[in-house]
Amino acid sequence: MRGIKIIGTGMYAPDMILSNDMLSTFLDTNDEWIYSRTGIRERRISVDKPNFYMAAEAAKAAVANSGTDPSEIDLVLAATCSPDYFYPALSCLVQHAVGAVNAAAFDINSACTGFINALDTASRFLEDGDYKNILIVASERLAPHCDYTDRTASILFGDGAGAAVVTKNDKPMWSYLSAKGDYFNALYCKVDQSRSNCQYLAKTDALPVGIIDSEAKTHTLQMNGKAVYKFAVDAMDTAVRKVLERSGLGIDDIDLYIPHQANARIIESAVKSLGLPEEKVYVNLEKRGNTSSACIPTALAELDEMGRIKDGMTICLVGFGAGLTSGAIVFTQ
Ligand code: UT7
């Protein structure tokens, strides 16, 4: 039987606060519009710290909080869609930073659904028995991806990292994961290959022209807000229903719901359609914005700090993101 227990949490938020009022000094927008349409008032932005710095800080905090010696970590999983390097994997940089010398490491990119996919993956490694302690970190530095002339998308996102150390539990867990690749262009950020000099290869006549995407001009985050919104409302509802169906539990059997923090209206819509008790749904996006895969573990770390993650409670995590992907996990702590 699969089961996970969170034995440590940590998070990192950059110092710089980018408020709606600050955005409105260079964008045709205002606090009233952003807050009423999204629930966001401010977000944190990493001005000078790379993604791996944020990831390492959150990971170190989680390992310290777990009481586990770094040498006892068997696997480091990093979820990110905004790495500093194509390779090595972010998880390798984190493994080095925390001193998890005995751990294997690899990354998972399913954008905002990253932590859910990573936690599901971790549970399967734990079930196997060879892996005892797994460090999961989800970290995003989205500011460099944002087009700050695009008032529709750039207002949503912030930077930050969250982490958790998990171990096997004899209490059950269930998951539901989904991907709809046909919606790949509803939310994407293209790799910038324009500075490559692959064009020389074409001169040999051995390789076709067009091996690189030198024409593409858009290497910032591109989003069809309405399409993602529509997908998200449906995906949150479906993922929660499916995972509850698999677990045999009802809405009221869940003690805490932690949704992906993309837009307060999307969360409200899921609360309404599923009939979730509002007091059980954690929302923190007013001060953090959407930090993609980092939203859920950051929320877990905040809740843990408040003493709201207790042994024996049943928690539902639900998210969606670029891909388009979605998923939900139910576990008893
Ligand atoms: O992790 C996944 C990440 N992505 C998402 O979750 C995105 C999901 N989508 C959304 O959250 C919403 O679609 C947005 C917040 C992005 C946009 O909200 P909306 O209610 O769908 O607005 P809209 O795109 O329908 O735009 C309504 C109006 C438009 O003006 P007109 O055409 O009615 O004159 C926009 O140009 O609001 C305008 N507008 C803005 N006005 C002030 C769009 N963005 C802004 C802005 N400030 N920042």
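Summing Lys and Arg as +1 and Asp and Glu as -1 over all other residues whose Cβ lies under 12 Å from the Cβ of Met236 gives a net charge of +2.
Between Tyr131, Tyr85, Tyr53, the residue with the greatest mean-square fluctuation in the GNM of the chain (Cα pairs under 10 Å linked by springs) is Tyr85. Inter-label distance, Asp48 to Asp21: 2.6 nm, where each label sits 7 Å from its Cα along the C-beta direction. Charge dipole (Cα centre; +1 on Lys/Arg Cβ, -1 on Asp/Glu Cβ; no other charges) of the chain amounts to roughly 380 debye.
Taking K and R as +1 and D and E as -1, what net charge do the other residues with C-beta under 11 Å from the C-beta of Thr80 add up to? Counting the neighbours of Thr80, the net charge comes to -2. Pairs over the 26 Å Cα-Cα cut-off, from the set Lys168/Lys310; Lys168/Lys272; Lys60/Lys287; Lys171/Lys272; Lys5/Lys226: Lys168/Lys272; Lys171/Lys272; Lys5/Lys226. With all pairs of separate Cα atoms included, the chain yields a Kirkwood hydrodynamic radius of 20.2 Å.
For Pro144, neighbours were defined as the other residues whose beta-carbon sits under 13 Å from its Cβ, and their charges (Lys and Arg +1, Asp and Glu -1) total -4. Taking every DSSP beta bridge that has both ends in the chain, the antiparallel portion is near 70%. Helical runs (DSSP H, four residues minimum) scored at -39500 (n - 2.57) apiece and divided by the length of the chain put the mean residue ellipticity at 222 nm at -9500 deg cm²/dmol.
Using Cβ point charges alone (K and R +1, D and E -1), the dipole size of the range 1-80 about the Cα centre works out to roughly 300 debye.
With a simple spin-label model that places each label point 7 Å from the Cα along the Cα-to-Cβ direction, the separation between His219 and Asn185 comes to 2.1 nm.
Placing unit charges on the Cβ atoms of the charged side chains and taking the dipole of the range 4-170 about its Cα centre, the candidate lying farthest along the positive direction among Gly162, Tyr148, Ser24 is Gly162. The distance between label points at Asn102 and Lys310 comes to 3.4 nm (points 7 Å beyond Cα on the Cα→Cβ vector). For the residues Thr149, Thr220, Thr80, a GNM of the chain with alpha-carbon springs under 10 Å puts the largest fluctuation on Thr149.
GNM on the chain, alpha-carbon springs under 10 angstrom: the most fluctuating residue among Asp234, Asp192, Asp120 is Asp192. Charge dipole (Cα centre; +1 on Lys/Arg Cβ, -1 on Asp/Glu Cβ; no other charges) of the range 4-170 amounts to roughly 160 debye.
Bear in mind these aren't lab numbers, they're just calculated from the coordinates by the rules spelled out. On a predicted model such as this, the values are computed, not experimentally measured, just so you know. Quick reminder, even Gly has a Cβ in these numbers, built from the backbone with ideal geometry, and neighbours come from all protein chains shown.
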